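The values are calculated or read from the model by the stated rules, or taken from the named source; none is laboratory data. All figures in this text were calculated on a predicted structure; none of them were measured in a lab. For neighbour counting, all protein chains shown are included, and Cβ atoms are generated from backbone atoms with ideal geometry for every residue, glycine included. Each accessible area value is taken on the protein alone, full model and side chains, heavy atoms only, with ligands, DNA and RNA left out. Shrake-Rupley method; radii C 1.70, N 1.55, O 1.52, S 1.80 Å.
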Amino acid sequence: MSQQEQLLNLNLKVWRQKNRKDSGHFEDYRLEGVSTDSSFLEMIDQLNEQLVAENKDPITFDHDCREGICGSCSMMINGQAHGPEKQTTTCQLHMRSFKNEDTVVIEPWRARAFPVMKDLMVDRSSFDKIIQSGGFISVNTGNAQDANAIPVSKENADLAMDAATCIGCGACVASCPNASAMLFTSAKISQLALLPQGRVEAEERVSSMVKTMDEEGFGNCTNHAECEASCPKGINLSNIARMNKEYIFSKIKGK
Amino acid sequence: MLAHNYFTSSIGKKQILALTGLGLLGFTVTHLAGNFFLFVGADAFNKYAYTLTSNPLIYVAEAGLIGMFLLHVVLALVLKTENHSARPVKYYNKTRTGRGETIASATMPITGVIILVFIILHLLNFKFGAHYTTNVAGTEMRDLYRVVIEYFANPLYVAWYCFAVCALGLHTSHGVQSVFQTWGFNHKSYTPHIKTAGVLYGLFVAIGFSSLAIFCHFQN
Ligand code: FES
């Protein structure tokens, strides 16, 4: 490794909230001896150990895979979703992105559709509801089909795979000035709409997923592209354009 | 709760906002092009204004324009209100990534309000302003040229006008690319050109109208 490991002393400002009803507040913590080689979540683990040793309530935050694939880890770090690095989830963010004596502000995602449950953990079941309303294909089960039985163009296969890299972390909603979920919803619509297997139900899908998205209380996209800029998977704004197009066609056909 | 259909959906409202915006973009350049008659001279401008306003179809066009404009403003307000309530608790600290939002996109509501105020004053000052008459080639008509020149005699009005049309330029520069994105057109190689075209459109509008105001000021 080119960079030498260093130890950082940090001033942390973390959102603490007991439960959904609590109004919450920021608390300041001093954490010393944080390795630049540790990940951001390991840094919070270290802080939590310190809190437990002091007999205080540790900070609740979502995490699971810690390798950038599950989308659980979600927090606003110094005003940016998943922190300062491009296309990096919080769990993949290293402390070498920070300097000694930095003040780091950590907040939960803020959106009406993502109510805070405790500290940094938010309820993202509105995303699940969007998926449940159409983010699937109906197939008869049985033997797996032969590979290449359904021809798919290389271009569409690539675009569908790009859309499918969405891990549903919610950074798009968190960073959107309007708290819109259109990047997420459009990625989930695109990954299916681009493939023949997904075309069958494409019109009903877009109609019902957009309906659920609106009902869950997300905002409306105004084409700022902050979502694309803060997406840890680099999901592209062209997915939203595709959803807009799919939507108008589905409405013309009365779906 | 309204039934969820195209017109109450997020995408439907956005698309109608974009469509009315497109109509207004078209009106803006036509209006600017017509105003270039000011550079030609008093008679040319008055004759142009007379030809335009004496055509009975003007009422249809004006009604359409007012309709589009009101729809645009109302939808923008509805969307803005919804977006505001979509984040009841604001961030303590929120920085832009620098890779998304632009000055134009971030100031859409502010520039929109400036344009709204500007248009109301603009109509009062010009369309419903002083009524002088003149005679061009034997036809009695309104001397709109004089109204314009007299208005721009005041340097403060020139400054306000230039400020407002710069806001219009900024607003429309985001509008042009938004129309395409919202109506489902986003292409790897064309979209960057559309964005450039939007900026050029905005510059053309801002510089075009400003130059007219400054030109008229020096006609006094
Ligand atoms: S913990 Fe799974 S993506 Fe970060």
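The table that follows gives values for the structure above.
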| quantity | calculated |
| --- | --- |
| Radius 10 Å from Cβ of B:Y132, net charge of other residues (Lys, Arg +1; Asp, Glu -1) | 0 |
| Chain B: most fluctuating residue of B:Y50, B:Y59, B:Y161 per GNM, C-alpha cutoff 10 Å | B:Y59 |
| Within 10 Å of each Cβ in A:224-230, the average number of Cβ atoms from other chains | 6 |
| Estimated vicinal HN-Hα couplings, Hz - segment A:36-49 in sequence order (Karplus 6.51, -1.76, 1.60; Gly, Pro = x) | 5, 7, 7, 7, 4, 5, 5, 4, 5, 4, 4, 5, 5, 4 |
| Charge context of A:L183, other residues only, Cβ under 11 angstrom, K/R +1, D/E -1 | 0 |
| Computed E for A:D45/B:L70 - FRET, C-beta separation, R0 56 angstrom, nearest 0.05 | 0.50 |
| Rounded percent of accessible protein surface that carbon and sulfur make up, segment A:79-172, 1.4 Å probe | 48 percent |
| Karplus-derived 3J(HN,Hα), 6.51/-1.76/1.60, for each residue of segment A:207-212, Hz, glycine and proline x | 4, 7, 5, 5, 4, 4 |
| Where the Cα pairs of the protein assembly as shown fall when distances are cut into 20 Å bins, in % | 21, 43, 27, 8, 1 |
| In nm, spacing of pseudo-spin labels at B:H122 and A:I137 (7 Å Cα→C-beta vector) | 5.1 nm |
| Rounded, prolate or oblate (a/c below 1.5 giving rounded, otherwise prolate when a/b exceeds b/c) for segment A:3-137 by Cα gyration tensor | oblate |
| Computed lengthening from B:H187 to B:A137, 0.36 nm per intervening residue step minus Cα-Cα distance | 12.7 nm |
| Nearest-0.05 FRET efficiency for A:N148 and B:I110, computed from C-beta distance (R0 56 Å) | 0.55 |
| Cα-based helix-to-principal-axis angle, B:42-54 vs chain B, degrees rounded to 10 | 60 degrees |
| Semi-axes of the equivalent ellipsoid for segment A:124-252, Cα gyration tensor, largest first, Å | 25, 16, 14 |
| Ellipticity estimate at 222 nm from DSSP helix runs (n ≥ 4, -39,500 (n - 2.57)) divided over chain A, nearest 500 | -10000 deg cm²/dmol |
| Candidate aspartates and glutamates - alpha carbon under 15 Å from A:K188, same-chain residues fewer than 8 apart omitted | A:D128, A:D158, A:D162, A:E201, A:E203, A:E204, A:E228, A:E246 |
| Lysines with Cα under 24 Å of A:K21, excluding same-chain neighbours fewer than 8 positions away | A:K13, A:K56, A:K118, A:K129, B:K90, B:K94 |
| Estimated inter-spin distance, A:K86 and A:D128, nm [label 7 Å along Cα→Cβ] | 3.5 nm |
| Extension gain, A:V200 back to A:A157 (0.36 nm per residue minus Cα-Cα distance, nm) | 13.8 nm |
| Rounded to the nearest 10 Å², the accessible area of B:Y48 at probe 1.4 Å | 60 Å² |
